[in-house]
Each structure stands twice: as structure tokens, then as C-alpha cells.
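The values are calculated or read from the model by the stated rules, or taken from the named source; none is laboratory data. Note that the structure is predicted; figures quoted are calculated from it, not measured. With ideal geometry, Cβ positions are generated from the backbone for all residues, glycine too; neighbour counts draw on all protein chains shown. Remember, those area values only see protein heavy atoms, side chains included, never the ligands or the DNA or RNA. Shrake-Rupley method; radii C 1.70, N 1.55, O 1.52, S 1.80 Å.
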Amino acid sequence: MFIHSMPMPVSGSRRPRLATLFPSLIIAALGSLSTLPARAAGQELSLDQAVSAAAEHAPLVLAREASRVAAAEELARADALPDPSLVFGVQNFPIGGPEAFTVSEDRMTMRRIGVTQALPSRAKRTARRQSAEAALARADAESVATVLEVKRAAAKAWVALWAAEREHALLQELRDEAGLAVRATRARLSGDSGSASDVLAARSTELELENRLDDAAARIEQARAGLARWLGEMPARSMAAAPDFSEPPLSEARLLASLDRHGALLAWDAREAAADAAVVLAQAETRPDWSIGAGFAQRGDGASDVVWLEIGVGLPLFTRNRQDRGISARAADREAVRATRDDARRIQAEYVRKRYADWAGLTRQVRRYRDELLPLNHDRTRTALAAYSGGAPLQAWLDARRNEIDLRIDYADVLAEWGQAWADLAYLLPASDTNDARIPETVR
């Protein structure tokens with residue numbers, strides 16, 4: 001079944017004096033409508049609409065964006081000099097003799113005030129900037145990865161709702177035949193060719209179907225709540241047709257060739273860059289830091305006031321058990337990051353191969369259910385009911401009907417697994433790597 005959503009018309013202005021405001025108001029309204037799921041009773045919610053709305057409004061995405069802004073702010077100050085320090089005090093303060101404990105009687109006593117500035121080595125400042133750049137790159141990568149995670153989760157929630165509605169519709173199709181069987185058993189009982197137990201059995205099967213329908217309706221509401229977790233509101237009950245899950249969103253070869261672009265691996269470049277920056281910073285610890293200070297000193301007993309200037313320099317003389325060990329530790333950390341990244345690649349490659357195998361197997365199952373199992377079982381049920389009308393026992397129809405109910409529920413479960421396997425493959429790469437292509441909506 002092909003179903004397409006229609007755009008909502010926008011009403012014109014009622015007051016001429018507001019005419020100049022309406023173009024901007026209309027643009028704003030259309031912009032907000034394009035990012036939110038359909039609310040009107042007649043509108044349908046497609047997979048793309050749900051995914052887009054979730055990616056734009058999910059709190060996790062907003063949180064990652066805030067983290068990226070924080071990293072950008074840290075980068076702006078990464079290689080800045082430390083704040084200067086204000087220094088003040090008394091020098092040559094007497095504690096004996098007639099001038100003891102005074103600050104103005106002894107010519108050597110000075111009241112000092114000045115400013116000092118620490119000057120870290122250029123190598124340290126460069127390394128700190130490299131580390132901040134790596135942190136920003138990681139925040140950017142994690143922001144993209146979070147968008148992909150949200151898209152994938154929203155798509156799987158949409159598929160769960162779509163499959164639940166398919167299950168309800170498949171069971172709903174059996175209602176008429178269940179009522180027909182009850183009437184047939186009553187007719188035979190009235191004609192003295194049937195039994196009351198057949199009537200009760202047919203009625204019991206009809207009630208069992210109602211229970212299954214109630215279960216399916218509950219699963220629809222549960223799935224709607226699951227999708228609302230990503231959309232921020234309960235979605236419209238009407239669902240658009242699903243994409244053609246029988247076509248892979250991307251080939252297995254392309255996914256495996258683009259492992260480093262997968263959302264789960266996007267941050268590893270930045271992690272390696274941060275590890276490299278940590279090594280450079282450890283190496284910079286062997287470079288001396290400088291400081292400079294200057295100020296004014298007031299002397300006692302009428303002596304002339306003076307100014308002072310001092311320069312300090314660090315002395316990293318004993319590096320063997322200090323800086324050298326720090327360099328070795330950071331180099332080991334870098335090797336650990338690289339080895340862990342290789343393991344993450346293998347895990348991701350395993351995930352792609354397994355999920356692709358799941359999707360391929362489920363595709364074959366769906367076709368077998370749709371093209372063979374469901375039609376064959378439905379024919380079996382109809383034949384058994386026709387045979388009962390001709391005088392055969394009712395048990396054959398009862399068995400066929402229970403089997404058909406179970407088969408349709410199993411088919412809906414397979415549809416859900418199938419669509420979710422497709423979604424897992426569809427949102428592994430950023431949209432810029434896939435052109436955000438979508439398959440025509442043709443799935444039954």
C-alpha cells in the first residue's frame with residue numbers, strides 16, 4: 001500500500017496592516033513544521049520524519065553540542081600565559097636592636113609591591129594547544145556519533161511501532177472468518193449435524209483471537225511510548241509506509257571499507273591526537289620555564305625608594321626519575337590507545353558482518369513468510385472451514401486457525417527484527433558519507 005503525506009496549507013493574512021509581517025511568520029512556521037512529527041489526525045509519520053525530528057531535538061544531541069562549545073572555549077585559552085601575580089611584603093624586617101619590629105626606622109627595611117609573570121616554555125604552550133585541539137576534535141566526533149546513535153534508536157523505535165501495527169492489522173484480517181466459523185457451527189447444530197462442543201470450540205477460538213488483538217494493541221501503545229522517548233511527544237497514530245527493507249542501505253563492502261568513519265570509531269583519531277599531545281607535553285617538561293617580576297620598594301629612615309626586577313628560570317636537571325619517566329608513561333599510554341583502537345576496529349567489523357548476516361537471513365525469512373507460508377496457511381484454514389461446512393470434523397479448522405494466528409504473530413516479529421537490522425546498518429555512517437539516501441517506501 002502506498003501512502004504519502006500531504007503538506008498542510010498555510011492560511012493568508014486577515015489584516016492588511018500585518019501584510020509585511022506574514023512572509024517572515026510563514027517562513028518560521030514552515031521551518032518549525034518541517035522539524036516536528038506530524039500531529040494532525042490525517043498526517044502520517046514516516047521513518048525519515050521521525051529520524052530527523054529525533055536528531056534535531058533529542059536531549060542527548062543538545063548535551064553533546066554543549067560539550068563541543070565547552071571544548072571550543074577551552075581551545076581559545078589553551079596556550080595563553082598564566083595570570084600575573086601581585087606580590088607585596090616587607091624585606092629586611094628587623095627583629096632586634098632599637099629598630100626592632102618597625103618598618104620605617106631601619107634604612108635596610110623595604111616595603112615592596114610588584115607583579116610577577118610566569119613564562120612557560122613555548123613547547124609546553126604548543127603542546128597544551130594541541131591537546132585542546134584534540135579535545136575539540138573529539139567533542140565534534142562524539143557529537144556526530146551521538147546524532148547517529150539517536151537516529152538509529154529513533155529508527156528502531158519507529159520500526160517497532162510499524163511492526164506492531166502490522167501485527168494488529170494481520171490479526172484483524174482473521175476476525176471475519178472467526179465469526180463465520182461460529183455461525184457455521186451454530187447452523188450445523190440447528191440442523192442436527194453438529195455439536196454444542198463445536199460451537200463452544202469455535203467461540204473459544206474467536207475469543208482467543210480477541211485476546212491476541214488486545215495484546216497487539218497494547219504493543220502498539222508500548223511502541224508509541226518508545227518512539228515518544230526520542231520525539232519528545234507521543235507520535236501520530238497513523239504510520240507511513242516503511243522503506244524497502246529488502247534493499248541494503250549500504251553494501252557490506254562499503255561499510256567495512258569505511259570503518260574509521262563509523263560513529264562508534266569517529267573519536268579515535270582525536271584520542272590518538274590527544275595521546276600524541278600528552279607525549280609532546282611530557283617532553284616539554286624537560287624545557288625550563290621562566291618567570292619575570294618587577295616592582296617598587298619603599299625604604300625606611302628617609303632612604304631613597306627603589307625599583308626591583310628579577311628573572312627566574314626552572315632547573316630540570318635531574319630528569320632520569322622525573323621527566324624521563326613521565327615521557328615513557330605517556331608513550332605507553334599512546335601505544336595503549338593505538339592497540340585499543342585496533343581492537344575497536346575488529347569489534348566494529350564483527351558487528352557489521354553479523355548485522356549484515358542477520359539482515360540477509362531475515363530478508364529471506366520475510367519473503368518466505370509473505371510469499372509462501374502465510375498464503376499456504378490461509379488456504380489451509382479456508383479449506384478446513386469449507387470442509388467442515390461439508391460435514392468434516394471441526395478440529396482441522398481449529399488447528400489450522402491457531403497455527404495461522406501464531407504464524408502471523410511470528411511474521412510481525414520477523415518484520416520488526418528485519419527493519420531494526422536494516423536501521424542498524426543505515427545509520428553507521430554520517431549523512432555526509434551516504435548522501436542520506438533513502439529507499440522508496442513500498443514495504444507491505
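Overview of values
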item	result
Structure-derived Cα Rg over 2.2 N^0.38 Å - corresponding label in (1) 1.53; (2) 1.68; (3) 1.00	(2)
DSSP bridge orientation in the chain - percent antiparallel, rounded to nearest 5	95
Max mean-square fluctuation residue, GNM over the chain, Cα-Cα springs under 10 Å, options L315, L255, L209	L315
The chain, helix-only ellipticity at 222 nm - DSSP H runs n ≥ 4, -39,500 (n - 2.57), divided by all residues, nearest 500	-21000 deg cm²/dmol
Cβ-Cβ FRET estimate between R364 and E272, R0 fixed at 35 Å, reported to 0.05	0.30
Inter-label distance for D48 and V90, nm, one decimal - labels placed 7 Å from Cα along Cα-to-Cβ	8.1
Choice from A241, A201, A55 showing the highest fluctuation, given a GNM over the chain with Cα pairs closer than 10 Å	A201
Full-stretch length increase - A396, M234 - with 0.36 nm per residue and alpha-carbon distance subtracted	54.0 nm
Residue with peak Gaussian network fluctuation, the chain [Cα springs, cutoff 10 Å], from R128, R299, R229	R299
Accessible-area value, L256, 1.4 Å probe, nucleic acids and ligands omitted, Å²	50
Furthest towards positive pole of dipole, V337, S258, Q130, structure part the chain, Cβ charges	Q130
Student exercise, the chain dipole from Lys, Arg, Asp, Glu Cβ charges, in Debye to nearest 20	480
Largest to smallest accessible area among E56, E65 [probe 1.4 Å]	E56, E65
Positive-end residue of P59, A164, N377, charge dipole of the chain with Cβ unit charges	P59
For G97, net neighbour charge (Lys/Arg +1, Asp/Glu -1) across residues whose Cβ lies under 11 Å away	-3
Size of electric dipole in region 146-289: Cβ of Lys, Arg +1 and of Asp, Glu -1, about Cα centre, debye, nearest 20	280
Cβ-Cβ FRET estimate between L374 and R320, R0 fixed at 60 Å, reported to 0.05	0.20
1.4 Å probe accessible area per residue over region 251-356, in Å²	61
Percent accessible area from carbon and sulfur atoms, the chain, protein chains only, probe 1.4 Å	54
Chain lengthening between S204 and R254 when straightened (0.36 nm per residue, less Cα-Cα)	12.7 nm
Rounded to 10°, Cα long-axis angle of helix 22-35 versus longest principal axis of the chain	70
Residue (of G300, A217, G326) at the positive-pole extreme of region 211-331, dipole from beta-carbon charges	A217
Helix 374-389 vs. the chain, principal-axis angle (Cα, 0 to 90°, nearest 10)	30
Lys, Arg +1 and Asp, Glu -1 on Cβ, resulting dipole of region 123-199 about Cα centre, debye, nearest 20	860
Sites A63 and Q222, calculated FRET efficiency, Cβ-Cβ separation with R0 22 Å, nearest 0.05	0.25
With Cα atoms, 0 to 90° folded angle of helix 47-57 axis to the chain main axis	30
Distance-filtered residues of region 264-294 - backbone nitrogen under 18 Å, label point 7 angstrom along Q117 Cα→Cβ	289-294
Label point at R338 placed 7 Å out along Cα→Cβ; residues across region 269-302 whose backbone nitrogen lies under 16 Å	269-280
Fully extended contour minus Cα-Cα distance, from A329 to E105, at 0.36 nm per residue	75.0 nm
Distance (nanometres) between label positions extended 7 Å along Cα→Cβ at L309 and R345	5.6
